[in-house]
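Asks: First the structure, then my questions, so here it is.
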Amino acid sequence: MDRRLFVKLTGLGALGLAARPALDLFAAAEIPAHSPLAQRRWAMVMDLRKCQEAGDCEVCIAACHQAHNVPKMDRPDEEIKWVWKESFHHTFHDQEHPYLDEQLRHGPVLVTCNHCENPPCVRVCPTQATWKRDDGIVMMDWHRCIGCRYCIVGCPYGSRSFNWQDPRKHLAEPHKDFPTRTKGVVEKCTLCEERLTRNQLPACVEACPAGALVFGDLGDPDSPVRELLKSRYTLRRKPNLGTQPQVYYIV
Amino acid sequence: MPPDFRKIVFGLVIFLILVTLPLWTNLLRGTAPLEDPEISTRDVPGKDRCVREAEYMKANHMDLLNEWRETVVRDGERGFVTVDGRHFDRSLDRTCMDCHNKQEVFCDRCHNALAVSPYCWDCHIGARETKDGSTALR
Amino acid sequence: MLEKALYGDRKYWTWLAALGAVGLMGVLFYFYQFANGLTVTGLSRDVTWGFYIAQFTFLVGVAASAVMVVLPYYLHHYKAFGKMAILGEFLAISAVLMCMLFIFADMGQPFRIMNMFLHPTLHSMMFWDTIALSGYLVLNVVISRATLSAERKGLPPAGWVKPLIYLSIPWAVSIHTVTAFLYAGLAARPFWMTAILAPRFLASAFASGPSLLILLALILRRVANYDVGKEAIQKLAVIVAYAMSVNVFFVLMEIFTAAYSNIPEHLLHFEYLFFGLEGKSALVPWMWTSEILAVLTLILLINPKTRAKEGLLGLACAMVFVAIWIDKGMGMVVTGFVPSTMGLVNEYFPTLPEIGITLGIYALGALLVSLLYKIALGVRRSLV
């Protein structure tokens with residue numbers, strides 16, 4: 001390398017260094033990769049006391065099932081459920097004891113898909129008809145599902161339902177805002193991803209009159225879910241399985 | 001003449017009949033006439049033209065719908081911008097069927113004539129007209 | 001070679017026609033299921049897999065067990081299995097095809113089956129099971145065809161067949177191991193989440209498959225005048241005796257772990273299986289039948305005197321087959337769902353359409369076995 005070329009290259013390198021801050025300036029206009037906004041991680045906190053004090057309230061269930069054309073099956077063993085009430089015994093049977101507060105023990109617990117951090121349903125699905133999105137939603141592609149029901153077998157929470165027969169016959173008034181499903185596919189809660197894109201809260205959260213359901217972004221340290229998780233002690237279902245459910249319960 | 005000549009010919013005849021069975025049944029039953037679809041029966045403000053030109057849509061609407069489906073369901077991307085800069089929601093129910101609101105004359109007519117049965121309407125609620133004029137599910 | 005299947009007497013054709021009729025009945029029942037959905041089965045929210053998957057699991061074992069004749073014959077040159085090896089391979093082919101039909105019958109959207117290959121998913125055990133089973137089918141078809149046609153020409157099998165035969169041995173083990181992994185890797189189902197599941201599957205496979213082979217050999221001697229030889233049958237009987245002993249031992253290991261640790265989510269399943277839970281006990285009589293048969297077969301098989309008597313041996317083999325069919329089928333699959341992940345006790349029992357489809361698939365499998373055995377025996381006969 002002769003001296004002339006050396007000087008040229010050095011100059012070019014120096015120009016590059018000088019240009020970097022300018023480039024950074026442009027980059028700053030976009031959302032930095034590590035900001036809470038880019039790290040959206042949806043979660044739900046359910047306040048059981050508030051929920052149970054509302055009595056037989058099933059507004060959230062009705063809102064969800066209405067919004068998503070969830071059919072009402074005649075046979076209980078073929079029920080399709082996105083969000084529903086279970087007994088404390090069936091929800092938290094590993095954390096139950098006879099001296100638990102009566103209201104808590106006998107009151108219902110609202111359950112739905114936990115949108116696990118490590119979803120076993122996603123692991124077992126042979127066609128990626130169910131998968132975890134970057135924002136944590138465990139999504140379903142009803143066009144792709146082959147109906148093998150392995151995800152139902154793999155889910156530790158009973159959150160998934162199968163269409164044993166044509167669901168349309170069991171819908172009083174199906175509406176056009178959301179597709180129905182067809183027989184032979186699995187379905188479950190999608191955390192209202194279709195509403196989230198329109199900046200709306202999940203239907204159940206919006207409908208709850210008691211404010212028992214709080215939805216938000218775990219990536220944002222100031223979000224209401226983060227506030228609640230910091231200030232209150234919360235339970236998760238079957239935490240020992242390592243699935244990391246993103247539905248938290250205040251008891 | 002081979003020893004099993006008769007059996008072989010008999011077998012071949014049965015094979016030919018079976019293979020050409022669809023042709024015969026179509027001849028007997030008759031096929032639906034191939035008519036042009038009725039494009040739209042109502043004016044939607046701001047939506048005077050389709051997302052792509054008619055020629056493309058005639059030939060490739062299934063590809064576009066498949067692409068939309070993958071993009072919306074799998075990537076969560078709903079907004080669609082046409083080449084000339086118009087914005088649409090990637091949605092069969094909310095965009096396509098909003099203008100093309102008569103499924104029987106827009107979708108079914110050709111599909112029936114060509115004997116294709118896409119499974120869109122197994123889940124998506126199209127707009128079919130019943131005899132009493134109300135839209136209903138199949 | 002295939003034309004050998006077309007020359008048979010009246011009895012042969014009647015047998016095929018009968019199997020065909022049962023198969024057709026299964027197909028008609030399947031149309032009914034296809035039109036109405038899986039609601040026509042006894043399956044439910046809580047018990048989502050049942051009779052079909054039970055048969056699938058059991059038959060993967062039958063398919064894998066061909067290795068018990070292939071390995072001694074090809075690897076150790078154990079000549080007594082000369083007439084048995086092809087029977088094992090042809091049985092494996094039919095069993096794998098039945099497995100695939102059972103999976104197909106169990107699918108909610110059978111027309112979308114190609115999605116398995118359009119979107120191959122490496123983290124799904126079902127994907128690997130598909131690969132393992134299809135590979136095993138191809139291996140057995142190629143090997144049996146190559147060896148049989150070489151035999152017909154009076155030549156040793158071509159050189160390229162040997163490596164395939166060696167490959168088929170670990171492959172047979174793999175199909176049943178991966179089938180066990182379908183179950184054993186699920187945190188949601190404590191009843192299946194046991195490291196001994198794959199070994200147990202293999203042990204029960206090497207008992208049930210060879211039992212069926214012994215029965216088939218005894219039948220062929222009677223109806224087709226084809227004798228695989230007393231030594232071959234006795235050797236297989238010893239294999240069945242060992243495999244069944246190991247299988248029963250493994251089951252006892254499972255019961256000990258669950259019972260002594262006293263962890264409810266493990267123990268409750270066994271309680272349901274053997275005594276019933278919350279007054280629900282559909283499987284209890286079946287399981288006790290299975291266990292009693294298992295003990296009786298051990299007595300008959302371990303004792304050399306009873307094992308040597310072919311009448312008793314046939315009986316013992318039939319009993320092994322039934323015992324494992326119950327234990328590994330309905331017992332293994334359904335109990336994983338009772339109690340459910342929520343602790344609910346809802347039972348399952350197959351319905352008429354399910355039983356009809358199942359019988360149909362078994363009939364088609366038997367039909368295929370009959371045709372293949374006819375070809376094998378025809379080729380052997382024309383040599384003499």
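The numbers here are math on the coordinates, done by the rules we state, and not lab data. Please read all numbers here as calculations on a predicted model, not as lab measurements. Glycine gets a Cβ as well: all are built from the backbone with ideal geometry, and neighbour counts include every protein chain shown.
Asks: Neighbour counts of other C-beta atoms within 10 Å: give me A:ARG160, A:ARG123, A:ARG49, A:ARG75 arranged from fewest to most.
Replies: Working: A:ARG160 25, A:ARG123 20, A:ARG49 15, A:ARG75 12.
Ordered by Cβ neighbours within 10 Å, fewest first: A:ARG75, A:ARG49, A:ARG123, A:ARG160.
Asks: Let me ask you something else. Please express the Cα-Cα pair-distance distribution P(r) of segment C:122-170 as a list of whole percents, one per 5 Å bin, running from 0 to the bin with the greatest distance.
Replies: 5, 20, 24, 18, 13, 9, 6, 3, 2, 0
Asks: With just the Cα atoms of chain B, tell me how far they stretch along each of the three principal axes, in Å, largest first.
Replies: 76, 40, 27
Asks: How big is the protein assembly as shown by the Kirkwood estimate over distinct Cα pairs, in Å? If you can, show how the numbers build up before the last one.
Replies: Working: mean 1/r = 0.0329 Å⁻¹.
This gives a value of 30.4 Å.
Asks: While we're looking at this one, here's another question. Need one value for B:84-94: mean number of C-beta atoms belonging to other chains within 10 Å of its residues' C-beta atoms. Please list the in-between numbers first.
Replies: On the way: counts 0, 0, 0, 0, 0, 2, 0, 1, 1, 5, 2.
Across the residues of B:84-94, the mean count of other-chain Cβ atoms within 10 Å is 1.
Asks: Say each of C:ALA158 and B:ASN112 gets a label point 7 Å from the Cα, pointing the same way as Cα to Cβ; how far apart are those two points in nm?
Replies: Output for this residue pair reads 5.5 nm.
Asks: Please sort A:214-221, C:254-261 by packing, taking for each peptide the average over its residues of neighbouring beta carbons within 10 angstrom, highest first. Numbers along the way, then the final one.
Replies: Details: A:214-221: 18.6, C:254-261: 13.5.
Ranked from most to least packed, the peptides come out as A:214-221, C:254-261.
Asks: Now a separate question. Considering all alpha-carbon pairs of segment C:2-382, what whole percent are spaced by more than 37 angstrom?
Replies: On the way: 14379 of 72390 pairs.
Taking all Cα-Cα pairs of segment C:2-382, the fraction more than 37 Å apart is 20 percent.
Asks: Now a separate question. Say each of A:LEU201 and C:VAL284 gets a label point 7 Å from the Cα, pointing the same way as Cα to Cβ; how far apart are those two points in nm?
Replies: Going from the A:LEU201 label point to the C:VAL284 one covers 5.0 nm.
Asks: Now a separate question. Once the Cβ-Cβ distance between B:TYR119 and C:VAL295 is put in as r, and R0 is 56 Å, what FRET efficiency do you end up with, to the nearest 0.05?
Replies: Efficiency, from the Cβ-Cβ distance: 0.60.
Asks: For C:THR257 and C:ALA224 in the same chain, what is the full-extension length gain: residue separation times 0.36 nm, less their Cα-Cα distance, in nm? Can you show the working numbers first?
Replies: Details: separation 33, 0.36 × 33 = 11.88 nm, distance 4.81 nm.
Once the chain is fully extended between C:THR257 and C:ALA224, it gains 7.1 nm.
Asks: Here's a follow-up. Let me confirm one metric for peptide C:44-51, namely the mean number of other chain beta-carbon atoms within 10 Å of its residues' beta-carbons.
Replies: On the way: counts 7, 14, 3, 1, 11, 5, 0, 0.
Per-residue shielding by partner chains comes out at 5.
Asks: Let me know the longest stretch in chain B that avoids all GluC sites (Glu not before Pro) found in a DSSP loop with at most 14 other C-beta atoms within 10 Å.
Replies: Formally, the longest exposed-site-free interval is B:78-138.
Asks: So for the pair A:HIS93, A:ARG75, with labels modelled 7 Å out along Cα→Cβ, what separation do we get in nm?
Replies: If labels sit at A:HIS93 and A:ARG75, their model points lie 2.3 nm apart.
Asks: Hey, another quick one. Taking the 0 to 90 degree range and rounding to the nearest ten, how far is the long axis of helix B:5-19 tilted relative to the main principal axis of chain B, both from C-alpha atoms?
Replies: Relative to chain B, helix B:5-19 is tipped by roughly 10 degrees.
Asks: Would you mind checking A:LYS72/A:LYS132; C:LYS280/C:LYS328; A:LYS81/A:LYS169; A:LYS85/A:LYS188 for any pair whose Cα atoms are more than 18 angstrom apart? It would help to have the intermediate numbers written out before the result.
Replies: On the way: A:LYS72/A:LYS132 28 Å; C:LYS280/C:LYS328 20 Å; A:LYS81/A:LYS169 16 Å; A:LYS85/A:LYS188 15 Å.
Violating the 18 Å limit, Cα to Cα: A:LYS72/A:LYS132; C:LYS280/C:LYS328.
Asks: Which order results if A:HIS170, C:HIS76 are arranged by neighbouring Cβ count within 10 Å, fewest first?
Replies: C:HIS76, A:HIS170
Asks: Using only C-alpha positions, report the orientation-averaged shadow area of the convex hull of segment C:197-279, nm², one decimal.
Replies: In nm², the orientation-averaged hull projection of segment C:197-279 is 7.5.
Asks: Per residue, how big is the convex hull around the C-alpha atoms of segment B:52-124? Give it to me in cubic angstrom, could you? Walk me through the numbers on the way to the answer.
Replies: Numbers: hull volume 7.3 nm³, N = 73.
Convex hull of Cα atoms, per residue: 100 Å³.
Asks: If R0 is 60 Å, what FRET efficiency do you get for B:THR20 and C:THR306 from their C-beta distance, rounded to 0.05? Could the numbers behind the result be given before it?
Replies: Values: r = 62 Å, r/R0 = 1.03.
Efficiency for this residue pair is about 0.45.
Asks: Between B:ARG86 and B:ASP36, take the C-beta separation as r, use R0 = 25 Å, and let me know the FRET efficiency to the nearest 0.05. All intermediate terms of the calculation are to be shown ahead of the outcome.
Replies: On the way: r = 25 Å, r/R0 = 1.00.
The calculated FRET efficiency here is 0.50.
Asks: What are the extents of the Cα atoms of segment C:52-141 along their three principal axes, in Å, largest first?
Replies: Its Cα atoms span 47, 24, 18 Å along the three principal axes.
Asks: In a solvent-free Debye calculation with one equal scatterer on each Cα, what is log10 I(q)/I(0) for segment A:120-251 at q = 0.10, 0.11, 0.13, 0.19 Å⁻¹, listed in the order of the q values?
Replies: -0.40, -0.48, -0.68, -1.30
Asks: Follow-up question, since we're still on this one. Given the -39500 (n - 2.57) contribution per DSSP H run of 4+ residues, what per-residue ellipticity at 222 nm results for the protein assembly as shown, rounded to the nearest 500 deg cm²/dmol?
Replies: Numbers: 30 runs with 400 residues, N = 773.
Computed ellipticity for the protein assembly as shown at 222 nm equals -16500 deg cm²/dmol.
Asks: Per residue of C:31-40, count partner chain C-beta atoms within 10 Å of its C-beta, then hand back the mean as an integer.
Replies: Values: counts 0, 0, 0, 2, 2, 4, 11, 9, 10, 2.
Per residue, the number of nearby Cβ atoms from other chains is 4 on average.
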